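The values are calculated or read from the model by the stated rules, or taken from the named source; none is laboratory data. What you see is a predicted model; the values in this text were computed from it and never measured. Virtual Cβ from ideal backbone geometry, glycine too; neighbours counted across all protein chains shown. SASA here: full protein model, heavy atoms, side chains in, ligands and nucleic acids out. Shrake-Rupley method; radii C 1.70, N 1.55, O 1.52, S 1.80 Å.
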Amino acid sequence: MDKEDLNLAPTFKNGEKDDLAPGLSRRSFFMAAGATGVSSAAAMLSSTSARAQSTDWTQPGNNNGVIELQKTTGNAVEGDLGIDFYGHCALKFTSPSGATVLFDPWRDDPSGAWGLWFKNEFPETPVDICMSTHTHFDHDAIHRPVSTMVLDRMVGNFEFADIKITGFADKHACVAPGWYDWTNALAEFGVEACPPNNVSHMDMVVYVIETGGIRTLIWGDNRHNPPQEFWDAIGEIDVLTLPVDGSQHILSYGQGDDIVSRLKPKVIIPTHYLNETTSYTLTTLQDAEEWVKAQKSYEMLDSASLSLNAGDVTEMAGEFMYFGHNAMTA
């Protein structure tokens, strides 16, 4: 599939714009049809609102584990930090005490306008806390994990068990650095992507999660050039997740390298790339192997799980750890 085939510009027929619906081009309509079925896409055009019903009340289990964990809140626990990768930007952290936090579970765009990205629904994995960095479909399936708590786009401080999380409000990357100009796709819908007048779904929250003596920065899809006060607030980082892929969809290679150079993390984990276990090439993403292999030190992980010890991490310096096409599926 070439770039022209993925162009979201409105189609013209016999010299007239093919206005299927306000803000929706012929290309977008057929992407929707491919994702949801022609009849569903047609219904989308005639509908004035979208409705969703939470199914959280049907989830199995209860909060007994959380009640026990909250008794230890504020107490540091020594031990390993567990990281499980669910594809795209979805990462589950397990603290030394066993408390769990999952960031950015994904789903396909419910409107269908962005096509079919994922091969399955996000697994209903049990976690204590589910968090989202922003409201884009590939980051906000907060209804899917079986979670006791949902902290959606949380700004400020949260402490539970042996975990401390701090959310910093900023902005989504708004200029596409790679070959697929998704910024123009946003313009098709009549919205501004860049601050200060950006549409609200281009707002972002970046998280720092501290547990087991390790500070991890969840970058999400944040811009590469936040203001100085952002960098000052973040502080020292041990583990950094960055959305860099071969298509340079969110961050370019250079932008990713600049962030790494500025923060000097011990470990870097690439995210937001094509993972063949969970996602289709219709995402327009590519894998991150080229970027990873250009680094001085890297490890090609052989599973979707990683265990880090604070003592070992202290001895590292810019180690790239790449999950590749591994991903948790349950």
Length released on extending from Thr314 to Glu299, taking residue separation times 0.36 nm less the Cα-Cα span: 3.7 nm
On average, how much accessible surface per residue is there in segment 100-219, in Å², for a 1.4 Å probe, leaving out ligands, DNA and RNA? 35 Å²
Please compute the contact order of segment 200-293 in relative form: average sequence separation of alpha-carbon pairs under 8 Å and at least six residues apart, divided by the residue count, as a percent. 25 percent
Report the residues of segment 83-127 in range of a label on Phe189: point 7 Å along Cα→C-beta, backbone N strictly under 16 Å from it. 107-117
For segment 57-180, give the percent of accessible area contributed by carbon and sulfur heavy atoms, probe 1.4 Å, rounded to a whole number. 50 percent
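Starting from the Cα gyration tensor of segment 122-267, take the square roots of the eigenvalues, sort them a ≥ b ≥ c, and report rounded, prolate or oblate (rounded when a/c is under 1.5, otherwise prolate if a/b is larger than b/c, else oblate).
On the way: a/c = 1.73, a/b = 1.25, b/c = 1.39.
The shape class here is oblate.
Kindly sort Asp162, Asp80, Asp287 by accessible area of their heavy atoms, largest first, with the probe set to 1.4 Å. Let's see the in-between values first.
Numbers: Asp162 15, Asp80 75, Asp287 55 Å².
Descending order: Asp80, Asp287, Asp162.
Which of rounded, prolate or oblate describes segment 182-259 when judged by the alpha-carbon gyration tensor and an a/c cut-off of 1.5? It would help to have the intermediate numbers written out before the result.
Working: a/c = 2.32, a/b = 1.71, b/c = 1.36.
The shape class here is prolate.
Excluding ligands, DNA and RNA, what is the solvent-accessible area per residue of segment 248-330 at a probe of 1.4 Å, expressed in Å²? Display every interim value, and only then the final one.
Values: 3810 Å² over 83 residues.
I get 46 Å² per residue for this part.
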Over segment 254-330, with every protein chain in place, what whole percent of the accessible area is carbon and sulfur at 1.4 Å, could you tell me? 45 percent
Long pairs among Lys171/Lys264; Lys71/Lys164; Lys171/Lys293; Lys264/Lys296; Lys92/Lys164, criterion Cα-Cα beyond 19 Å: Lys171/Lys264; Lys171/Lys293
